[in-house]
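K.L.:
Let me begin by handing over the structure; questions about it come next.
The values are calculated or read from the model by the stated rules, or taken from the named source; none is laboratory data. Everything numeric here is computed off the predicted structure, so don't read it as measured data. Neighbour counts are summed over all protein chains in view; Cβ atoms, including those assigned to glycine, are modelled from backbone coordinates with ideal geometry.
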Amino acid sequence: MFGFLKRKKRKNEAAEVQDEASQESTAATKAGDATPAPAEPTADTNLSAPPAPEPPPEMARPAKPAVADEEPAAEPEPNGDSLRQESVAQPAPPSKAPAVATSKPEQSGSLFSRLAKTRSGLTEGLGDLFLGKKQIDDDLIEELETRLIMADVGQATTAALIAELTDEVSRKHVNDPEHLFETLHRLMVERLEAAQPAEPPARRQPGRPHVMVVCGINGGGKTTSIGKLAHRFKAEGRDVTLAAADTFRAAAVEQLISWGERNNVRVIGEPGRGDPASVAFDAVSSAKARSSDLLIVDTAGRLHTQSGLMDELGKLIRVISKAEPEAPDEVLLVIDASIGQNALVQARQFNQAVKLTGLIVTKLDGTAKGGIVFAIADELGLPIHFIGVGEKAEDLRPFEPRAFVDALLDRQPD
Ligand SMILES: Nc1nc2c(ncn2[C@@H]2O[C@H](COP(=O)(O)OP(=O)(O)O)[C@@H](O)[C@H]2O)c(=O)[nH]1
Ligand SMILES: [Mg+2]
């Protein structure tokens, strides 16, 4: 059941009960009953017990267990090797978390609250639109279309979704809103799943580190996402090395070192080093020498229009291949969801310059343009591996199409 339809249903039921109550009280008064009649109902008051007062949108879903997001990172027992650091000044104090790390299941309730901005654009007030309607009509479909476009799903993807939706509605004679939204939900999940791999990548390479290069424009969330990834992989008990190859800004190197310190992960590179490709080369050699499971390379922010900088990214990738012929295993583009349709342009250009393997879409918590994820999946055909839904270490999640669409359409998971 979709929350916004449920709330509307409850409201209607409340109105009916209220109506009955007022009829009964009128009848009682007419019959000369001495018991005082209930207070005169006002339009907004729910008098009777069964229908709960309409909750505010954020309360509509049952509260999730308190443990959800705040679970501390589980640090594996430090061993001699994993504690050896290059640029990490101070290892983090030992964690009280259990030594054996487990990856926790994602809490859809939490995702639900993080995607509130986009969801409210898509669903707020939609329930009202269904009030009194027995049939799905053109107005409803048009309203849905407008909302998808406003959420930055994009013209082409919206048109395709609406065409499929209306086709289903007429073929299967769908005429109730619940069924309409079930169909939209299914179509949205299918579109997102089409670009995803059947299984999430294992990110394990026999006998060598799995190498990930992270690129994108300035401020998109590269360094933060790398810090969050380090936190996640470390919590899975894996040995992680980071490479600070954004050598343009000392602050960027310091930012990565600080993430490394917080997560007890070593960082190769230090402020003042000039050549990103040489940092990346050293980092691959070091990660191999220490038998790291994973190496994640941060890179300087660059605009897709800066051809010199795009060439430099290509060079960095070639140099990594010199240090390890099979690497890099992944080239991930970080895109900020709040830039909406521009994300598509950026992604296309980056993909031409360096062959991207997938995307990280950040800042979905702070924007009403979360619909961009559909345009990305539809028009680029690149998998979205992770989404950023906040600034904290736990706020990067593997992208799961069904959970994402559930949260956007205010639907209780199956
Ligand atoms: N709200 C929110 N902020 C984010 C997210 N990811 C990154 N940021 C913030 O975006 C800003 C730029 O991030 P940064 O990692 O430095 O970007 P970079 O230049 O691409 O490395 C920082 O203030 C981050 O805290 C996210 O998913 N949600
Ligand atoms: Mg950065």
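K.L.:
Among the residues of the stretch 284-304, is there at least one that is part of a loop (DSSP other than H, G, I, E, B), in the same structural domain as Asn351 (by TED's automatic domain parsing) and crowded, with 24+ Cβ neighbours inside 10 Å?
P.N.:
yes
K.L.:
Right, Gly260: within 16 Å of ligand 2 (Cβ to nearest atom), under 28 Å from Thr305 (Cβ atoms), under 26 Å from the mean Cα position of the chain (by Cα) and not β-branched (Val, Ile, Thr) or not?
P.N.:
Spelling it out, it is not the case that Gly260 is within 16 Å of ligand 2 (Cβ to nearest atom), under 28 Å from Thr305 (Cβ atoms), under 26 Å from the mean Cα position of the chain (by Cα) and not β-branched (Val, Ile, Thr).
K.L.:
Within 30 Å of Phe112 (Cα to Cα), surrounded by 23 or more Cβ atoms within 10 Å (Cβ to Cβ) and touching a residue at least 60 places away in the same chain (Cβ under 8 Å): is that true of Ile387 in this structure?
P.N.:
Against the criterion (within 30 Å of Phe112 (Cα to Cα), surrounded by 23 or more Cβ atoms within 10 Å (Cβ to Cβ) and touching a residue at least 60 places away in the same chain (Cβ under 8 Å)), Ile387 does not qualify.
K.L.:
Assuming Ile217 fulfils every condition listed in (1) assigned to a loop (DSSP other than H, G, I, E, B); (2) more than 13 Å from ligand 1 (Cβ to nearest atom); (3) in contact (Cβ under 8 Å) with a residue 24 or more places away in the chain apart from one, which condition is it?
P.N.:
(2)
K.L.:
Leu380 - would you say it is away from ligand 2 (no atom under 16 Å from the Cβ), at pLDDT below 95 and more than 30 Å from Pro177 (Cα to Cα)? I'd like the intermediate steps shown before the answer.
P.N.:
Numbers: away from ligand 2 (no atom under 16 Å from the Cβ): yes; at pLDDT below 95: yes; more than 30 Å from Pro177 (Cα to Cα): yes.
The answer is yes for Leu380.
K.L.:
Does Leu313 meet the test of being touching a Leu at 6+ places or on another chain (Cβ under 9 Å), farther than 22 Å from Arg204 by Cα and not small (Gly, Ala, Ser)?
P.N.:
The answer is no for Leu313.
K.L.:
Also, I was wondering about something else. Please state which of the following conditions Phe248 fails to meet, knowing it meets all the rest: (1) away from ligand 2 (no atom under 12 Å from the Cβ); (2) aromatic (Phe, Trp, Tyr); (3) not in a helix (DSSP H, G or I).
P.N.:
For Phe248, the exception is condition (1).
K.L.:
Taking the options Leu126, Leu140, Leu131, name whichever one is buried (at least 18 other Cβ atoms within 10 Å of the Cβ) and not hydroxyl-bearing (Ser, Thr, Tyr).
P.N.:
Leu126
K.L.:
Mind checking which pairs have a first residue in the stretch 113-136 that is in contact (Cβ under 8 Å) with a residue 24 or more places away in the chain and a second that is surrounded by fewer than 15 Cβ atoms within 10 Å (Cβ to Cβ), Cβ under 8 Å, 6 or more apart or different chains?
P.N.:
Ser113/Glu58; Ala116/Glu58; Leu126/Glu143; Lys134/Asn175; Gln135/Asn175; Ile136/Asn175; Ile136/Asp176
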